[in-house]
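Encoded as structure tokens, the structure appears first; notes follow it.
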Amino acid sequence: MSDLTDQKAVSLAAIDGAETLDALEAERVAALGKKGWVSLALKTLGGMSPEERSAAAPAIQAVRAEVADAISAKKDALEASVLEAQLASETIDLTLPAPDQQVGSVHPVSQVMDELAEIFADLGFAVATGPEIEDDWHNFTALNMDESHPARAMHDTFYFPDAAPDGGQMLLRTHTSPVQIRSMKEQGAPIRIIAPGRVYRSDSDATHTPMFHQVEGLVIDRDIHLGHLKWTLETFFKAFFEREDIELRLRPSYFPFTEPSVEFDVGYANEGDRRVVGGHGDDDGHDWMELGGSGMVNPRVLEFAGLDPAEWQGFAFGLGIDRIAMLKYGMNDLRAFFDGDPRWLAHYGFSPFDQPTLSAGVGARP
Ligand code: FA5
């Protein structure tokens, strides 16, 4: 028994002197492990008579409990000192600026699409979509441009070798106007939609790119006239540019799918190399910029789309989204929009957290 007392004293001293968790673990194995001295002492109980065992067991169990308690207390103390050392060495300076976080930015075209959807939603317009790979019939024929129509030449585009379901050609759509046909065929009348999206033409200079964006507008009802068109466009541009002094000029024009047809221009001032929207285009230092085409939907188009022109009429418009983005946010070369240069996007992009809302003003603050 005195052996046990000696071993206990040695072991408790070693536990107390352990400087690391590893050293403490070694002491635990030496005492309480399978071949540790406490375990061996417990094994000797097996060879004793019941009387001897009940006399010896309490002392051995007491030693075991004392050693186990000492190990657990030392473990807590060592862990606490490790934590303290860590806290002392890893100080946090709360006065330092926060590290830069890489947040992506919203492309101006996406931003402007969100802005216009917000404004037109307020005017009661739903958003419609159509395929970018379109068939000849929806892109041209149903819009009153038959195969020999010269207006097709102005929409030179990219054709696919595969035939369309009706035997015609498949092509990259040249405008968003085919969505007019698809929406009228699907929904019938009355109808009030906008259709923003990508369109393609073989065009390339500072104000024309082979891929660009348009938004189509279509209103079909029983008593719609050009006055509604002008009010809708003017109301839209005032909300979009967040200015009351927007002057819109409607110019007679020609589109096969509208009759009468008008192009609409907006007045702007040249300030340095920037064009600032607002004012009358004929005033000093001002000019007009064409933003899109429009008109009353041609009765032949209504017939192609399955509507009776004796009952229904309406207006349609199409405008260049990239153009109005340039005008609102001050870019001067359209080609840079689609170069994919991250520096351009860092400069002109918008915060993804800046959602356009009518109540806060639809415009993003770069
Ligand atoms: C059309 O595409 C007609 N579908 C618009 C329309 C719709 C008229 C409904 C009547 C009724 P246009 O080809 O003019 O029209 O193009 C409309 C606008 O798209 C132009 O005013 C211009 O803002 C923009 N646009 C045209 N070509 C390009 C291009 N290559 N790059 C960038 N923007 C372009």
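The values are calculated or read from the model by the stated rules, or taken from the named source; none is laboratory data. Everything numeric in this text was worked out from a predicted model, so none of it was measured. Glycine gets a Cβ as well: all are built from the backbone with ideal geometry, and neighbour counts include every protein chain shown. Surface areas here come from the heavy atoms of the whole protein model, side chains and all, with no ligands, DNA or RNA. Shrake-Rupley method; radii C 1.70, N 1.55, O 1.52, S 1.80 Å.
For the chain, a crude dipole built from +1 on the beta carbon of Lys and Arg and -1 on the beta carbon of Asp and Glu, taken about the Cα centre, is about 980 debye to the nearest 20. Principal-axis analysis of the Cα atoms of the chain puts helix 108-122 at an angle of about 70° to the longest axis. Subtracting the Cα-Cα distance of residue 26 and residue 132 from 0.36 nm times their residue separation leaves 30.9 nm of extension gain.
Basic side chains Lys and Arg get +1 at the Cβ, acidic Asp and Glu get -1 at the Cβ, and with that the dipole of region 232-333 about its Cα centre reaches some 240 debye.
Projecting the Cα positions of 304, 344, 318 onto the charge dipole of region 290-345 (unit charges on Cβ atoms of Lys, Arg, Asp and Glu, taken about the Cα centre) puts 344 furthest along the positive direction.
I want to make sure I understand the PRE zone here: with the label point 7 angstrom from the Cα of residue 282 toward its beta carbon, which residues in region 238-270 have backbone N atoms less than 16 Å away? Counting backbone N atoms under 16 Å from the label point, the list is 247-252, 265-268. Using label points projected 7 Å from each Cα along Cα→Cβ, tell me how many nm separate residue 187 and residue 311, to one decimal. Rounded to a tenth, the inter-label distance reads 1.8 nm.
For the chain, the residue among 42, 15, 362 whose Cα projects farthest onto the positive side of the dipole built from Cβ charges is 42.
Computed per residue of the chain from DSSP H runs no shorter than four, each worth -39500 (n - 2.57), the mean residue ellipticity at 222 nm is -12500 deg cm²/dmol. For region 216-272, the dipole from Cβ point charges (+1 on Lys and Arg, -1 on Asp and Glu) about the Cα centre works out to 120 debye, to the nearest 20.
Of 104, 217, 167, which is the most mobile in a GNM of the chain whose springs link Cα atoms less than 10 angstrom apart? Of 104, 217, 167, the Gaussian network model singles out 167 as fluctuating most. If the label point is 7 Å along Cα→Cβ of residue 166, which residues in region 175-205 have backbone nitrogen under 18 Å from it? Of the residues in region 175-205, 175-188 have backbone N under 18 Å from the label point off residue 166.
Average projection, convex hull of the Cα set of the chain: 36.2 square nanometres. Rolling a 1.4 angstrom probe over the chain with all protein chains present gives an accessible area of which 53% lies on carbon and sulfur atoms. A Gaussian network model of the chain, with springs between Cα atoms under 10 Å, assigns the largest mean-square fluctuation among 187, 111, 61 to 61. Along the axis of the charge dipole computed for region 144-280 (Cβ charges of +1 for Lys and Arg, -1 for Asp and Glu, origin at the Cα centre), the listed residues 165, 266, 200 are led at the positive end by 165. Rounded to 0.05, the FRET efficiency of the residue 338 and residue 16 pair, given R0 = 56 Å and the Cβ-Cβ distance, is 0.15.
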